[in-house]
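The values are calculated or read from the model by the stated rules, or taken from the named source; none is laboratory data. Everything numeric here is computed off the predicted structure, so don't read it as measured data. Positions of Cβ are backbone-derived with ideal geometry, glycine not excepted, and every protein chain shown enters the neighbour counts. Surface areas here come from the heavy atoms of the whole protein model, side chains and all, with no ligands, DNA or RNA. Shrake-Rupley method; radii C 1.70, N 1.55, O 1.52, S 1.80 Å.
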Amino acid sequence: MSMINKEISDFSVESFQNGEFKTVTKKDVLGKWSVFFFYPADFTFVCPTELEDLANKYEDFKAAGCEIYSVSCDTHYVHKAWHDASDRIKKIQYIMLADPTHALAKDFEVYIEDSGVAERGSFIVNPEGKIVAYEVVAGNIGRNADELFRRVQACQFVAAHGDEVCPAKWQPGAETLKPSLDLVGQL
């Protein structure tokens, strides 16, 4: 079943950001664009490469009015330990959500029960708290922050210009499409 337009559930989880622990709730997410970036676990192999890639792009996301929430089923204490131990993870300034009860992973339907970790899922959530785009990939395949950022920009554009759609490889400023009523069924 598709997750498009699913409203995220209420939640309250601990997080680690910039050397501090704090509680993050659904209320903190509402009113702005968000990316929930699920990954299997701290202290692993592919995860730090993705999280570093996202950290290198974080200023662009912030400039676009989009907050990043990385999420794993680890605790906020493990996030801090990983941050302290890894040069790649030290670059992270975005919020690292802790999901040891798997509430978020289950709500976003990425929880792998047999191993107790999350799939690699990227979810773009609009200011109303609804999922407008997502991608889930196998655990051994890393994601690309540039492409994720492009998708955020496309989602924002379409939300602001409801009568236009973004074609493949669309970039801000590029031509969009204005479907006619007789072509709507072909989208």
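The figures follow:
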read-out: Cut-off 12 Å (backbone N to label point 7 Å along Cα→Cβ of Thr101), residues of region 1-33; value: 10-14
read-out: Centroid-to-centroid separation of region 138-162 and region 1-31 [C-alpha atoms, Å]; value: 19 Å
read-out: In order through region 72-79: 3J(HN,Hα) via Karplus (6.51 cos²θ - 1.76 cosθ + 1.60), integer Hz, x for Gly, Pro; value: 9, 7, 7, 7, 5, 5, 5, 4
read-out: Whole-percent carbon and sulfur share, accessible surface of the chain, 1.4 Å; value: 51 percent
read-out: Sequence-distant residues sharing a close amide H with Asp74 (under 5 Å, placed H); value: Asp42, Asp99
read-out: Cut-off under 5 Å, modelled amide H: who pairs with Lys6 long-range; value: Ile131
read-out: Accessible surface, region 1-45, averaged per residue in Å² (probe 1.4 Å); value: 56 Å²
read-out: Share antiparallel - DSSP beta bridges, region 1-129, percent rounded to 5; value: 60 percent
read-out: Reachable aspartates and glutamates from Lys169, criterion Cα separation under 17 angstrom, eight or more residues apart if same chain; value: Glu135, Asp146, Glu147
read-out: Environment charge at Ala81 (Cβ cut-off 15 Å; Lys +1, Arg +1, Asp -1, Glu -1); value: -3
read-out: Highest-first arrangement of 71-84, 154-167, where packing means the average Cβ count within 10 Å; value: 71-84, 154-167
read-out: Out-of-range pairs (alpha-carbon distance over 22 Å; input Lys22/Lys91; Lys27/Lys80; Lys27/Lys106); value: Lys27/Lys80
read-out: Rounded FRET efficiency, nearest 0.05, which uses the C-beta distance separating Phe43 from Ser12 and R0 of 22 Å; value: 0.30
read-out: Approximate spin-label separation Met1-Ala159, in nm, with each point projected 7 Å along Cα-to-Cβ; value: 2.4 nm
read-out: In order through region 51-61: 3J(HN,Hα) via Karplus (6.51 cos²θ - 1.76 cosθ + 1.60), integer Hz, x for Gly, Pro; value: 5, 5, 4, 5, 4, 5, 9, 4, 4, 5, 4
read-out: 3J(HN,Hα) from dihedral phi, region 2-17, Karplus parametrisation 6.51/-1.76/1.60, rounded to Hz, x for glycine, proline; value: 6, 9, 4, 6, 6, 7, 5, 6, 4, 8, 8, 9, 7, 9, 10, 7
read-out: Option label - P(r) over Cα pairs in 5 Å bins from 0, in percent computed here, alternatives (1) 1, 8, 16, 20, 21, 15, 8, 5, 3, 1, 0, 0; (2) 1, 9, 18, 23, 23, 17, 7, 1, 0, 0; (3) 1, 7, 15, 17, 15, 13, 11, 9, 7, 3, 1, 0; value: (1)
read-out: The chain: calculated mean residue ellipticity at 222 nm from DSSP helix runs of at least 4, using -39500 (n - 2.57); value: -9000 deg cm²/dmol
